[in-house]
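Quick notes on the structure that follows.
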Amino acid sequence: MPTVSVGRDRLFSALGKSYSQEEFEDLCFKFGIELDDVTTEKAIIRKERHLDEEDGGVGDDDGEIIYKIEVPANRYDLLCLEGIAQALRVFNEEQQTPTYTLASIPKDSMLKMHVKPQTSSIRPFVVCAVLRDITFDEASYNSFIDLQDKLHQNICRRRTLVAIGTHDLDTLQGPFTYEALHPKSINFVPLKQEKSFRADELMEFYKSDMKLKKFLQIIENSPVFPVIHDSKRTVLSLPPIINGAHSAITLKTKNVFIECTATDLTKANIVLNTMVTIFSAYCQRKFEVEPVEVIYSDGRSFIYPDLSVYNMEVPLSYITGSIGVSLEAEKVTSLLNRMQLRSEHSVLDDNKCNINVSVPPTRSDILHPCDVMEDVAIAYGYNDIPKRRLPSMKPLPLNQLEDLIRAEIAMNGFTEVLTWILCSNRENFALLNREDDQSSAVIIGNPRSSDFEAVRTSLMPGALKIIGHNKDHPKPIKIFEVGDVAFLDESKDVGATNRRHLAALYCGTNSGFELIHSLLDRIMEVLGTPFVPIGDNTGYYIQRSDAPEFLPGRQASIIYKGKHIGDFGIVHPQVLNNFVITDPCSLLEIDIEHFL
């Protein structure tokens, strides 16, 4: 989880109270964060330089005491001192949850960002906002810069999803333009430099920069680079690499223009909201943000930031039942208010009580009623939840069925194996002589390896791979697996469905159709399923099939109560050759969920 370094004295000043280390650790624990380490500025420098205590030459004064606080990975509002201090003040009931508003200005008077269509090929989205009449001191300025770095490392995924640019608005002239241009046509002075560079020259220049070189690969191979100009064609930034020196913010900056370019609009909105809500506290009109209109080339326009409150209704019974504590509605709303979630309760016609929660723009982590329930539990105190003995739970019927089948097959001399649920697309189709119809397999986005680019639709590839890697093992080899496969399914809310399959494989010189057929008969006998004539839907029967992974004429489909539930037969020689198997194999695969 992210660790935020804050000055102890400045944090206590923001909290309006000093704590002993033990008291502050207790406060952090109650709020759901952790004081990870206590150090000093000079101790951090010594550690970075790999110096011993005596090598550092430091006297009794080791500088400011630094608290390193570990915060939840999805609490982006806690990635700086200001966010932590505000959250703890509200938790201690020393401050109300702020109400964030947009400045009331006519749409015609808003700053505008025009988006050119060429940006759709590289970073298609941009969101913007303005912090007016802001006052920085050295500490708040450093915190402002540090929050950007923390967000870049966290939700922005090292700038691949979102890149933040902050500018001194008084040095610029709107409206602004976000476009994508050829690198040789972009020329500007980058931040902390005095010389002007072309964008392609800048890529070469930053290859020796320890901080920026890791971001170059995001755009360096693109024929066009994203760039933001003002009305005078002054370059604000070359996202996601560097801002321009012309609009660099300083301690004297009074009006800050924030732009976030992105490949993910949802995350861009979260990042922008986090920046403006936290640091609008330093504006003359606290917690007020000036909006910016973003206009796309197709005529669509949007006003950012979106500081609207998201309303959620959560049944009181769900909260108290999940936590295991009987709480009155007034107590629950009080606890939620301490977690920066304004709430009130309402009684329905059937005397059931709902908690109506208003989720502020700072709490992007609240997505589901379980998140509200978790905040109630944190505010109530995990240590105060009484211990109780959990009621005995029975296994799911599917798991009971699986255990019965696994035990029976093991008693028939088969060894259980466990293979990866992810496989390559070739193993799913081509190596099994199957055609990929593009409508059955769940494909993994941006796989780390070609070995794990799809979710298996059959247990057959895994079983054959095991035989291929153990072909020198004494024969016969008898293995089985019971596991999940996945198929695309538009009727499901996630677009896919899991099915529990059984696969059994016999590999040996005498491997034949009758061996695997006898195993099928035994499984059906154990499940109490009779063998019936073709067309009878009271049990199961087999009929000729033409699956490409099996040898023609030595395979069959399994029909159970009129439904096709699996196949078995002798594996096709071409398939065996694809998996580098020299001995004949017979295989059975069925969907066991049909027996429930």
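The values are calculated or read from the model by the stated rules, or taken from the named source; none is laboratory data. As the structure is a prediction and not an experimental result, all values here were calculated from the model. As a convention, Cβ positions derive from the backbone with ideal geometry for all residues, glycine included, and neighbour counts pool all protein chains shown. Side chains are part of the model used for accessible areas, which takes the heavy atoms of the whole protein and leaves out ligands, DNA and RNA. Shrake-Rupley method; radii C 1.70, N 1.55, O 1.52, S 1.80 Å.
Only one residue of Leu147, Tyr67, Leu505 has its Cα farthest out toward the positive end of the dipole of the chain, where Lys and Arg carry +1 and Asp and Glu -1 on Cβ, and that residue is Leu505. Each peptide among 394-406, 133-145 gets the average number of other Cβ atoms lying within 10 Å of its residues, and from highest to lowest they stand as 133-145, 394-406.
Rounded to the nearest 20 debye, the dipole magnitude of the range 345-395 is 380 debye, with +1 charges on Lys and Arg beta carbons, -1 on Asp and Glu beta carbons, and the Cα centre as origin.
Which shape class applies to the chain: rounded if a/c is under 1.5, otherwise prolate when a/b exceeds b/c and oblate if not, where a ≥ b ≥ c are the square roots of the Cα gyration tensor eigenvalues? It comes out prolate by the Cα gyration axes. The Cβ shell under 14 Å around Thr99 holds other residues with a net charge of +3, Lys and Arg each +1, Asp and Glu each -1. Probing with 1.4 Å while keeping every protein chain in the model, the per residue accessible area of the range 338-387 equals 52 Å².
Could you sort Asp521, Asp567 by their accessible area in this structure, using a 1.4 Å probe and putting the largest first? Write down the numbers at each step before the final one.
Values: Asp521 60, Asp567 30 Å².
If we order Asp521, Asp567 from most to least accessible, we get Asp521, Asp567.
Past 22 Å, Cα to Cα, is the threshold; run Lys184/Lys232; Lys195/Lys252; Lys30/Lys267; Lys42/Lys254; Lys116/Lys184 against it and keep the listed order. Violating the 22 Å Cα-Cα cut-off are Lys195/Lys252; Lys30/Lys267; Lys42/Lys254.
With a 1.4 Å probe and every protein chain left in place, work out the accessible area per residue of the range 246-286 in Å², rounded to a whole number.
Details: 1540 Å² over 41 residues.
On a per-residue basis, the range 246-286 sits at 38 Å².
Coupling constants for the range 220-226 follow from the phi torsions by the Karplus curve (6.51 cos²θ - 1.76 cosθ + 1.60, θ = phi - 60°), and in residue order they are 4, 9, 7, x, 10, 10, x Hz; glycine and proline get x. Computed in the context of the full set of protein chains, the accessible area of the chain at 1.4 Å probe radius has 49% of its extent on carbon or sulfur. About the centre of its Cα atoms, the chain shows a dipole size close to 1180 debye [charges on the beta carbon of Lys, Arg (+1) and Asp, Glu (-1) only; nearest 20 debye].
Pairs with C-alpha atoms separated by more than 29 Å, drawn from the list Lys150/Lys192; Lys213/Lys465; Lys475/Lys563, are Lys213/Lys465; Lys475/Lys563. Once you have a ≥ b ≥ c as the square roots of the Cα gyration tensor eigenvalues for the range 155-274, tell me rounded if a/c is under 1.5, and otherwise prolate or oblate according to whether a/b is larger than b/c. It comes out rounded by the Cα gyration axes.
Think of a 1.4 Å ball rolled over the protein heavy atoms: the range 440-571 then has 49 Å² of accessible area per residue.
Is the shape of the range 71-151 best called rounded, prolate or oblate, per the rule: a/c under 1.5 gives rounded, else a/b larger than b/c gives prolate, else oblate, with a ≥ b ≥ c the square roots of the Cα gyration tensor eigenvalues? Kindly include the intermediate steps, with their values, before the conclusion.
Values: a/c = 2.09, a/b = 1.55, b/c = 1.35.
Judged from the Cα gyration tensor, the range 71-151 comes out prolate (a/c at least 1.5, a/b above b/c).
Solvent-accessible surface of protein heavy atoms, probed at 1.4 angstrom with all chains present, puts Asp146, Asp493 in the order Asp493, Asp146, largest first.
Just to confirm a number: summing +1 for Lys and Arg and -1 for Asp and Glu over residues other than Lys214 whose beta-carbon lies under 15 angstrom from that of Lys214, what do you get?
On the way: positive: Arg157, Arg158, Arg159, Lys207, Lys211, Lys213; negative: Asp149, Asp209, Glu220.
After counting each charged neighbour, the total is +3.
To the nearest 500 deg cm²/dmol, what mean residue ellipticity at 222 nm is calculated for the chain from DSSP H runs of n ≥ 4 alone, each contributing -39,500 (n - 2.57), summed and divided by the residues?
Numbers: 16 runs with 159 residues, N = 596.
About -8000 deg cm²/dmol.
Rounded to the nearest 5, the antiparallel percentage of DSSP beta bridges internal to the chain is 90%. Counted by Cβ distance under 10 Å from Asp77, the other residues give a net charge of 0, where Lys and Arg count +1 and Asp and Glu count -1. Peptides 321-332, 197-208 ranked from most to least packed give 197-208, 321-332, packing being the mean of other C-beta atoms within 10 angstrom over each peptide's residues.
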